[in-house]
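The values are calculated or read from the model by the stated rules, or taken from the named source; none is laboratory data. Please read these numbers as outputs of a predicted model, since none were measured by experiment. Cβ sites come from the backbone with ideal geometry, for glycine too, and all protein chains shown count toward neighbours. Side chains are part of the model used for accessible areas, which takes the heavy atoms of the whole protein and leaves out ligands, DNA and RNA. Shrake-Rupley method; radii C 1.70, N 1.55, O 1.52, S 1.80 Å.
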Amino acid sequence: MTKKHKRKTDRRAFKLKLKPQTMFSIAQVFFFAIAFLIIISFSRRGLILVRFNDLMTDVFGFATIFLPFVFLSFAFLLSKIKIPLSEPNVIVGSSLIFLSLAGLGKSGRLGLVFWDGVSTLVTPVGAVIIFFGIILTGFIILLNTSFD
């Protein structure tokens, strides 16, 4: 019988242990960077920024204009800065508004998928009513207010 040799693991192997606050900081920098890259890509200067803008416009259409706000609200949520943009309701509300505007305007691939999905289940008129309702709900959540 042959012996099976077990590989010895090097106990000195490189292990990266990061604190949770460090991970939040990395994610925050990532969200700020993506938001500012999207804003800068609107200038359409530079090969990479033009392609990035074309990709974002292809996927999201005109709703790409609102995308930096969503990423900035994610970044502020992860920061310890206490401003109104750093609350979770801002992210939920702005995401609802962003996605429903894309669907209502049939903008980009994502908007067409949303529109086709909803208008197939209900008529196109019903889809418009649903998307307007989602936009109104998004504003209520975003502003953390009620009709009163």
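A few points about this structure:
- Here the accessible area is traced with a 1.4 Å probe on the protein chains. For the chain, carbon and sulfur cover 70 percent of it.
- Between helix 124-143 and the chain there is an angle of about 60 degrees, using the helix long axis and the longest principal axis of the Cα atoms.
- On a per residue basis, the chain carries 73 Å² of accessible surface, using protein heavy atoms and a 1.4 Å probe.
- For region 23-59, applying the loop criterion from DSSP together with a ceiling of 15 other beta carbons within 10 Å to the chymotrypsin sites (Phe, Trp or Tyr not before Pro) yields Phe42.
- With only the Cα atoms considered, region 20-89 has a convex hull volume of 99 Å³ per residue.
- Rounded Å value of the spacing that divides the Cα centres of region 74-101 and region 130-148: 14 Å
- Lysine pair count for the chain (Cα-Cα distance under 26 Å; residues 8 or more apart in sequence or on different chains): 5.
- The three principal axes of the Cα atoms in the chain give end-to-end lengths of 75, 45, 39 Å, sorted in falling order.
- Between the Cα long axis of helix 20-41 and the first principal axis of the chain there is an angle of about 50°, rounded to the nearest 10.
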